[in-house]
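Take a look at the structure below.
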Amino acid sequence: MKTTRLTMTQALVRHLAALRVELDDGSLVPWCGGTWAIFGHGNVAGLGEALWEQRAALPTFRAHNEQAMAHAAVAYAKANFRRRIMAVTTSIGPGATNLVTAAAMAHVNRLPVLLLPSDVFASRAPDPVLQQLEDFAAGDVSANDVFRPVTRYFDRIMRPEQILVALPRAVQVMTDPANCGPVCLALPQDVQAQAFDCPETFLQPEPIRLRRPEPDARELERALATLRGAKRPLIVAGGGVLYSGASQALADFASKAGVPVAESHGGKSSLAWDHPLNLGAIGVTGSPAANALARDADLILAVGTRLQDFTTGSHTLFGHATLLSVNVQPFDAHKWSGQSLVCDARVGLQCLAAIDWRAEPAWTERARSAAAAWNQRVTELTTQVPRDTLPYDAEVIGAVRESAADSPTRDIAVCASGTLPAELHKLWRAGRPGGYHMEYGYSTMGYEIAGGLGVKMACPEAEVIVMLGDGSYLMMNSEIATSVMLGRKLIVVVLDNRGFGCIQRLQLASGSPRFNNLLTDCVPEGGVDLTIDFAAHARALGAEAVHVADVAELKSAMQKARAATRTQVIVIDTTHTRTTDDGGCWWEVSIPEISQRPEVDAAHRRYLDGKSTQRL
Ligand SMILES: Cc1ncc(C[n+]2csc(CCOP(=O)(O)OP(=O)(O)O)c2C)c(N)n1
Ligand SMILES: [Mg+2]
């Protein structure tokens, strides 16, 4: 066996840099798009040096916050429909634990990312080193053990040759359609620098060929029998449709069999928004069209969805329909005691389309007119004539989208939390698969800007439009500077309603008084009323920024922003009180059984009413 003498991290980086993935069209591209790195003690000397050596094949990017780097990496994988990934390396201690939220986010969303936090000395010789935890009872516990529950695969590389086994396993997990998720390889700093005889074959890995699992014959037979018996079916399209590249198969099946389609947050943009059978968003943030048909359907065909509570209305939305889940992950396919069809979404849809069956014509017709009516309503909601009051999110969404009249297919809207996800889920018209990039599995405040950067790196030709609230902006905005530095232009639209608008509305709906959400409600005796100049802040980070007075100004600012080459930040004052009433459904939020406030008692009674409709 031919070998080369390399350090553990040199071998790791060379394997990573050499990995190629085969895309659907048969072309081979580098699998790893680069490594995000913030160096410190623990990685600057070992992994850092190895990254420098391979900088031509595997670029290294520096950002300002480890969590944000991981957000960018996860967004990159999502925008690549899980076909490509990025790695993230940190120093030990706080650099490493800054990744935990992003790891959990990737775990919830089933998205791959390779986390490479540094770890304490395997030798233990200099213990305790700076930033090292000391467990009084266990010498092998380090801060990195927090990654175990939030990754799909964890290993600590205690000897250099261990990388030969651990890295291919990590790659396997990240490229497995069912088990896909974040991976952590913790790298003790002394092992990073230790050399071993690395087999040459490890440095020339085989291309990655992603699997497309076929269904089990008997399970398929049962699924087809169920389909044949259905009269009023509804497809709920989840993120799995996008990851499997099943948009065309979905459109073909829906059109051929007359089956309406509703989309989860993860699945939105899997079917063209103007497809005559696209009912739009489903669930708590869903359209009236989708939710009404969900209640009356006799078969819910859930394709590639985790059936999260926002999709199911906390299990109140699907009436007495039979549930048939097409999912590559058996854990998801078996949820809710539904009938499962474990397979790739595209393969599953093609199998279902192969039989001669159609939904009841009256049902298809009802779906068509509901979809058309909702589309008309979306136009109204997003293009209302400006009034004297502050605009609300729907009008901002309309202006942002309208400004793309010439190239709506280029736009990718990025968002994660606050009021906007509900409004965007109902009202955004995605022009292409992936044109709605919403992180609503973990709904991580602070994902948006760093996530937008990852999307831009995955899709440089796209106009990446990040929309977020003032609260989310304040939580994590440092990657505006990174986007400027790296020359990756973003358009960031900040909706400033001066506080946590959505949580205050939830608070009031729960019978509580206004408390601790809007900035004006948080100033103690002797405190100072805050006015935050977001545009000045963004300019200080290197962006071009403007605070617009109204929706009309927003429209022209958007035109200019589209023509610009540097990251743009547009700030608009919005109201925290108004949202789109149309659609929606119950969402389970526990209300105290006992309170001194009659408003809470009333909210608790409403809560029990909702509970009574929950299907268990
Ligand atoms: C990291 C994180 N912390 C807390 C929350 C809970 N949370 C969800 S939305 C929100 C307020 C968002 O405020 P803002 O971004 O201004 O949006 P708005 O609703 O005001 O438009 C909070 C605190 C969260 N989703 N993520
Ligand atoms: Mg706000």
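Distances longer than 16 Å among the Cα atoms of region 453-499: what percent of all pairs is that?
Values: 424 of 1081 pairs.
Cα-Cα pairs in region 453-499 separated by more than 16 Å: 39 percent.
Taking the three principal axes of the alpha carbon atoms in region 51-126, the coordinate ranges are 44, 32, 22 Å, sorted in descending order. As a ratio to 2.2 N^0.38 Å, the alpha-carbon radius of gyration computed for region 577-616 takes the value 1.37. Note on R55/F136: beta-carbon distance plugged into 1/(1 + (r/R0)^6) with R0 of 51 Å gives a FRET efficiency of 0.75.
Shown here are the Rg and Dmax of the Cα trace of region 131-201, at 13.9, 42 Å.
Within a Cβ distance under 14 Å of N477, other residues only, what is the Lys/Arg minus Asp/Glu net charge? Around N477, the surrounding residues sum to -4.
Lys and Arg at +1, Asp and Glu at -1: add these up for the other residues within a Cβ distance under 11 Å of A430 and post the number. Spelling it out: positives minus negatives among the neighbours equals +1. Between A552 and E206, the simple label model (points 7 Å from Cα in the Cβ direction) yields a spacing of 6.5 nm. Translational diffusion of the chain, estimated by Stokes-Einstein from the Kirkwood radius over alpha carbon pairs at 25 °C in a medium of 0.890 mPa s, is 96 µm² per second.
Pairs of alpha carbons in region 70-203 separated by more than 21 Å make up 41% of all such pairs.
Sorting F500, F121, F253 on solvent-accessible area from highest to lowest, probe radius 1.4 Å, gives F500, F121, F253.
Listed highest first by mean packing, meaning other Cβ atoms within 10 Å per residue, what order do 513-522, 255-264 come in? Working shown, then result.
Working: 513-522: 14.1, 255-264: 24.5.
Top of the packing list down: 255-264, 513-522.
What is the percent carbon and sulfur in the accessible area of region 488-616, measuring with a 1.4 Å probe over the protein chains and ignoring ligands? Of all accessible area on region 488-616, carbon and sulfur atoms account for 54 percent.
With Cβ to Cβ distances under 12 Å as the rule, what net charge do the other residues near L518 carry (K, R +1; D, E -1)?
Details: positive: R498, R505, R514; negative: D470, D496, D521, D529.
In short, -1.
A Förster distance of 45 Å, applied to the separation of the beta-carbon atoms of R539 and D309, puts the FRET efficiency at 0.65.
Averaging 1/r across all pairs of distinct Cα atoms in region 479-524 and inverting the result yields a Kirkwood radius of 13.0 Å. Ordering of 413-421, 338-346 by packing is 413-421, 338-346, highest average first (other Cβ atoms within 10 Å, averaged per residue). As a size descriptor, the averaged projected area of the C-alpha convex hull of region 322-374 was calculated at 4.9 nm².
Take the Cα pairs of region 223-294, get the Kirkwood Rh, then feed it into Stokes-Einstein at 37 °C and 0.692 mPa s and tell me D in µm²/s. Intermediate results must be reported in sequence, preceding the final value.
Values: Rh = 12.2 Å.
Result for D is 268 µm²/s.
A simple rule links phi to the HN-Hα coupling: the Karplus curve 6.51 cos²θ - 1.76 cosθ + 1.60 with θ = phi - 60°, which for region 301-312 gives 9, 8, 10, x, 10, 7, 6, 5, 4, 5, 7, 9 Hz, with x for Gly and Pro.
Summarising the label geometry, the points placed 7 Å from Cα in the beta-carbon direction at F515 and T383 lie 4.5 nm from one another.
For G283, the residues 5 or more places off, or on other chains, whose built amide H falls under 5 Å of its own are N291. In summary, region 520-616 shows an alpha-carbon radius of gyration equal to 1.73 times the 2.2 N^0.38 Å reference for compact globular proteins.
Per residue, how much space in cubic angstrom lies within the convex hull of the C-alpha atoms of region 156-289? Spell out each step's value before the answer.
Working: hull volume 23.5 nm³, N = 134.
Normalising the Cα hull of region 156-289 by residue number yields 176 Å³.
The rule of thumb for compact globular proteins, 2.2 N^0.38 Å, goes into the C-alpha radius of gyration of region 368-454 1.14 times.
Summarising the label geometry, the points placed 7 Å from Cα in the beta-carbon direction at S27 and E588 lie 4.7 nm from one another.
Descending by average beta-carbon neighbour count within 10 Å, the peptides 32-44, 571-583 line up as 32-44, 571-583, the highest first.
Normalised per residue, the accessible area of the chain is 40 Å², obtained with a 1.4 Å probe and no contribution from ligands, DNA or RNA. In order along region 527-534, the Karplus-derived 3J(HN,Hα) couplings, from 6.51 cos²θ - 1.76 cosθ + 1.60 at θ = phi - 60°, round to x, 10, 5, 8, 10, 9, 8, 5 Hz, and Gly and Pro are given as x.
Stretching Q559 away from Q248 to a fully extended chain increases their span by 108.8 nm, per 0.36 nm per residue minus the current alpha-carbon distance.
Nearest 0.05, what FRET efficiency do R169 and S337 give at R0 = 35 Å with Cβ-Cβ as r?
Values: r = 33 Å, r/R0 = 0.94.
For R169 and S337, the calculated efficiency is 0.60.
How big is D, in µm² s⁻¹, for region 3-81 by Stokes-Einstein at 20 °C and 1.002 mPa s if Rh is the Kirkwood radius over C-alpha pairs? Answer, rounded: 156 µm²/s.
The values are calculated or read from the model by the stated rules, or taken from the named source; none is laboratory data. Because the structure is a prediction, the values reported are computed rather than measured. Please note: Cβ atoms are built from the backbone with ideal geometry, for glycine as well, and neighbour counts cover all protein chains shown. Please note that ligands, DNA and RNA were not included when accessible areas were found on the heavy atoms of the full protein model with its side chains. Shrake-Rupley method; radii C 1.70, N 1.55, O 1.52, S 1.80 Å.
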